[in-house]
Amino acid sequence: MQKTLKIDFVSDVACPWCAVGLSSLQQALARLGDAVSAEITLRPFELNPDMGPGGESIQDYMARKYGRTEEEIVQSQAMIRQRGADVGFEFGSRTRVYNTFDAHRLLHWASLEGRQLPLKMALFRAYFTESKDSSNHEVLVEAAAGLDAEKARTVLSGDAYAAQVREMEKHYQDMGIRSVPSIIFNDQFLVSGGQPVEAFENAIREVLAKG
């Protein structure tokens with residue numbers, strides 16, 4: 001008997017472990033096949049809500065926020081590239097970190113159009129694979145393939161969905177979420193981090209057994 005599964009995937013476009021985690025989660029669901037009917041909704045979280053125009057170099061950002069040396073940054077990026085390769089996601093060599101609020105507004109609009117998940121993956125590829133500026137409106141519109149480009153530009157040119165995004169961000173912060181990805185199954189079970197496919201598969205099986 002097929003079981004339904006509600007998944008809230010709290011994440012940021014600028015989070016490499018979110019790209020790994022979402023790819024891994026989708027592979028886990030594919031393994032489960034017809035046993036589960038899952039609905040993934042992407043929820044906003046900003047790692048750097050105060051990031052200004054033009055962003056910040058990855059070296060300065062990692063040193064300032066995490067106290068990492070250049071050598072530690074290189075090692076960390078190598079590990080992330082390997083984890084990405086394990087789930088079929090290609091990481092390039094990004095050089096800057098950008099503000100992602102407009103990307104979240106566009107993702108909210110895409111959810112109303114039924115195209116949220118493809119846009120999220122396209123935004124991950126634009127930033128992490130192609131090293132594009134995820135705050136640039138033309139980059140965001142280009143990522144929104146399959147959606148109306150002029151409508152996307154209209155959303156981005158104003159403050160459409162800004163209130164909704166901020167409300168959702170506050171909701172998950174009030175829940176105690178401080179790091180991403182945070183994946184909530186059926187409004188009850190939380191899994192954190194860019195887990196391997198097997199870990200997500202096992203977690204989903206446990207959730208379904210309890211449901």
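In whole angstrom, how far apart do the alpha carbon centroids of the range 30-82 and the range 96-135 sit?
Each part reduced to its Cα centre gives a spacing of 13 Å.
In nm, what is the difference between 0.36 nm times the number of residues separating LEU112 and ASN186 and their Cα-Cα distance? Provide the component values of the computation, followed by the final result.
Working: separation 74, 0.36 × 74 = 26.64 nm, distance 2.06 nm.
Value of the extension gain: 24.6 nm.
Whole-Hz Karplus ³J(HN,Hα) for the range 34-41, in order, using 6.51 cos²θ - 1.76 cosθ + 1.60 and θ = phi - 60°, x for Gly and Pro?
6, 6, 9, 10, 9, 10, 9, 10
For the chain, evaluate the Debye formula with one uniform point scatterer on each Cα (no solvent term) and list log10 I(q)/I(0) at q = 0.16, 0.18 Å⁻¹, rounded to two decimals.
Debye output, listed in q order: -1.12, -1.38.
What FRET efficiency comes out for the pair GLU167/ALA38, r = Cβ-Cβ distance, R0 = 30 Å, nearest 0.05? Walk me through the numbers before you get to the answer.
On the way: r = 25 Å, r/R0 = 0.82.
That gives a FRET efficiency of 0.75.
Quick check: residue separation of MET175 and GLN82 times 0.36 nm, minus the Cα distance between them. What number comes out in nm? All intermediate terms of the calculation are to be shown ahead of the outcome.
Working: separation 93, 0.36 × 93 = 33.48 nm, distance 3.17 nm.
30.3 nm is the gain from fully extending MET175 to GLN82.
Report the residue, chosen from ALA144, ALA19, ALA163, that carries the largest GNM mean-square fluctuation when the chain is represented by alpha-carbon nodes joined by springs under 10 Å.
Top of the fluctuation ranking is ALA163.
Quickly rank 20-26, 154-160 as a protection proxy: mean count of other C-beta atoms within 10 Å, highest first.
20-26, 154-160
Throughout, read-outs are computed from the coordinates displayed, never taken from laboratory work. What you see is a predicted model, and the numbers here were worked out from it, not measured in a lab. Every residue, glycine among them, receives a Cβ derived from its backbone with ideal geometry; neighbour counts consider all protein chains shown.
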